[in-house]
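For reference, the structure is listed below as structure tokens.
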Amino acid sequence: MTLAEAGAPAKPLPKRKRNSGLWPLLAMPGVIWLALFFLAPLYVVLAIVFGRVDPIFRTPIPVWNPLEWNPSQFNYVLIHIVGTNGVFGPALLRTAVYVLLASLLCLLIAFPVAYYTARLAGRWAGVLLTALIAPFWISYMMRMLAWVNLLQDDGMVNRLFSLGGLFSVHVHWLTGQPVVVVLGLVYGYVPYMILPMYAGLDRLPQSTIEAARDLGANRFGSFWRVTLPMCRPTIVAAVLLTCLPMLGDYFTSDMLSASPKTAMVGNLINDSVQSPGQTGQAGAFVMLVLIATVLPMFYYVRATARGGEVST
């Protein structure tokens, strides 16, 4: 080797030829699935919301041409949300409050359970994970019916509060109690928060946590400064996965309350679908729920993408 060759800069390695057609091909089934089962039904809903109503049979007539859409049904819903004619506003506000409270309670329950199962359970992790999946083996309706039996006037809850009949306790739990609806949402949807949170906590790099301990952080400090920031996207994803079905839920309120005082937006949608000539209004409520859920989804996607750019 000559001196010129020794002092010459190293030749850059040839770049690998990227297969530009592979990734679009792999993404094609997901794109087709999204188009068939999300975009197409969404367009049908829009065609009904901005369509017409048969004047005789009161059935919806979808209008497929966007240039011919009529916003009267959507405007009717918007006009009756606030103001003196705001008959829909209380249910929308009630839905937001119920979902917020239920999500916070789910988070308080799910995070310790998921953290213990993923980080501290050891050989019992499989048993605990099976116990977490077990509620999905029972239908949601059967689980709510079990709560109906427990909360009846002569049910187990009143018997427990009366200490077996020692005291006279007759609380009417199933007559429009907001706390019952919120706790029913928590009971029904907390598994949806535990499982994705467990998956995210289980993938945390143990070396990073051990490095924080080696640098002098105690358990609380390593959890607060290392573990919690790393699992923040997991928490946001778990909360979103829980909030989305809660926003459209109507069955919990019907089973545990059946009162207009606890009606949610899902109940408005269900009642509008079953009422002649109001299918377009039901679609308008669906669009409002969709807008309310898409905005935090965009925030989550942007936050995770930004986190990926920082990590790389």
How would the range 19-74 be classified by its alpha-carbon gyration tensor: rounded, prolate or oblate, with rounded meaning a/c under 1.5 and the a/b versus b/c comparison settling the rest? prolate
Quick check: from the Cα gyration tensor, does the range 139-229 come out rounded (a/c under 1.5), prolate or oblate? prolate
Quote to one decimal, in nm, the extra length available between Asn149 and Asn85 on full extension: 0.36 nm per residue of separation minus the C-alpha distance between them. 19.3 nm
Can you give me the C-alpha center-to-center distance between the range 233-273 and the range 117-180, rounded to a whole angstrom? 19 Å
Solvent-accessible area per residue, Å², over the chain with all protein chains present [probe radius 1.4 Å]: 65 Å²
If you place +1 on the Cβ of every Lys and Arg and -1 on the Cβ of every Asp and Glu, how big does the dipole about the Cα centre of the chain come out, in debye to the nearest 20? 1060 debye
Could you tell me what percent of the accessible area of the chain is made up of carbon and sulfur, with a 1.4 Å probe and every protein chain present? 69 percent
At 222 nm, what helix-only mean residue ellipticity would the chain give, in deg cm²/dmol to the nearest 500, using -39500 (n - 2.57) for each DSSP H run of four or more? -19500 deg cm²/dmol
Just to confirm the filter: which chymotrypsin sites (Phe, Trp or Tyr not before Pro) across the range 117-200 are DSSP coil and have at most 10 other Cβ within 10 angstrom of their Cβ? Phe167
Two pseudo-spin positions, 7 Å from Cα along C-beta at Ser72 and at Arg213, lie apart in nanometres by 6.9 nm
Approximate spin-label separation Val179-Ala258, in nm, with each point projected 7 Å along Cα-to-Cβ: 2.3 nm
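Rounded, prolate or oblate: which one fits the chain, using the alpha carbon gyration tensor with axes a ≥ b ≥ c (rounded when a/c is under 1.5, else prolate when a/b beats b/c, else oblate)?
On the way: a/c = 2.76, a/b = 1.31, b/c = 2.12.
Oblate.
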Tell me which DSSP H helices of the chain clear both cut-offs, 15 Å or more of axial length from alpha-carbon atoms and a mean Kyte-Doolittle hydropathy of at least 1.6. 22-34, 89-115, 232-247
Does a label point 7 Å from the Cα of Gln206, set along Cα-to-beta-carbon, have any residues of the range 85-127 with amide nitrogen under 18 Å, and which are they? 115-127
At Trp137 and Phe38, where each label point lies 7 Å from the Cα along Cα→Cβ, what is the point-to-point distance in nanometres? 3.2 nm
Length released on extending from Phe298 to Asp54, taking residue separation times 0.36 nm less the Cα-Cα span: 84.1 nm
Which of the peptides 30-37, 101-108, 247-254 is most tightly packed, and how do the rest follow, going by the mean number of other Cβ atoms within 10 Å of each residue? 247-254, 101-108, 30-37
How do Ser259, Ser168, Ser72 rank by accessible surface area computed with a 1.4 Å probe, from largest to smallest? Ser168, Ser72, Ser259
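The values are calculated or read from the model by the stated rules, or taken from the named source; none is laboratory data. The structure displayed is predicted, hence computed values, not measured ones. As a convention, Cβ positions derive from the backbone with ideal geometry for all residues, glycine included, and neighbour counts pool all protein chains shown. Accessible surface areas use protein heavy atoms only, side chains included; no ligands, DNA or RNA. Shrake-Rupley method; radii C 1.70, N 1.55, O 1.52, S 1.80 Å.
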